[in-house]
1. State the number of residues belonging to the range 28-67 that are touching a residue at least 24 places away in the same chain (Cβ under 8 Å) and either touching an Asp or Glu at 6+ places or on another chain (Cβ under 7 Å) or not small (G, A, S) (or both).
2. Write out, first by first residue and then by second, each pair whose Cβ atoms fall under 9 Å of each other, whose residues are 6+ apart or on separate chains, and whose first residue, in the range 1-22, is surrounded by fewer than 10 Cβ atoms within 10 Å (Cβ to Cβ) while the second is assigned to a helix (DSSP H, G or I).
3. Is one or more of the residues making up the range 71-80 charged (D, E, K, R), assigned to a helix (DSSP H, G or I) and either touching a Lys or Arg at 6+ places or on another chain (Cβ under 9 Å) or in contact (Cβ under 8 Å) with a residue 24 or more places away in the chain (or both)?
4. Evaluate the range 24-38: report whether one residue or more is over 23 Å from the mean Cα position of the chain (by Cα) and on the phi > 0 side of the Ramachandran plot.
5. Might you check whether a residue that is at negative phi and part of a helix (DSSP H, G or I) occurs anywhere in the range 40-48?
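Every number here is computed from the coordinates shown, using simple stated rules; none is lab data. Predicted model only: the values in this text are computed from it and were never measured. FYI the Cβ positions are ideal-geometry reconstructions off the backbone, even for glycines, and counts take in every protein chain you see.
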Amino acid sequence: MIDRDEVLHVARLARLRLSEQEIEPMAAELSSVLDNIAKIEELNLDGVPPTSHVVEVTGRLRADEPHEPLPREVALAQAPAVSDDGFLVPSPQA
């Protein structure tokens, strides 16, 4: 099982702030994830193609082909606010 120091290290890397009450359950959850990964590593996956989804993807988007960009004036025409030839968005609250 992952120990307290490893949980705190992973939390710091992920920029998460964990309370004292969250550390032990997180250690159990991370240990469970690593146990599942270890089970997968035991499998012979030679010849199994990589997948991006566990189920078949339907409703695919159109092919991504380069084309002329939308003129800036058209893109900004319906913007609620514009600044310096771009969209003006509210500043984040501190």
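1. Count: 2.
2. Pairs found: R17/A11.
3. Going residue by residue through the range 71-80, those that are charged (D, E, K, R) are 72-73.
Next, from what is left, pick out any that are assigned to a helix (DSSP H, G or I): 72-73.
Now restrict to residues that are either touching a Lys or Arg at 6+ places or on another chain (Cβ under 9 Å) or in contact (Cβ under 8 Å) with a residue 24 or more places away in the chain (or both): none.
Checking the range 71-80: not a single residue is charged (D, E, K, R), assigned to a helix (DSSP H, G or I) and either touching a Lys or Arg at 6+ places or on another chain (Cβ under 9 Å) or in contact (Cβ under 8 Å) with a residue 24 or more places away in the chain (or both).
4. For the range 24-38, residues over 23 Å from the mean Cα position of the chain (by Cα) and on the phi > 0 side of the Ramachandran plot: absent.
5. The answer is yes; a qualifying residue exists.
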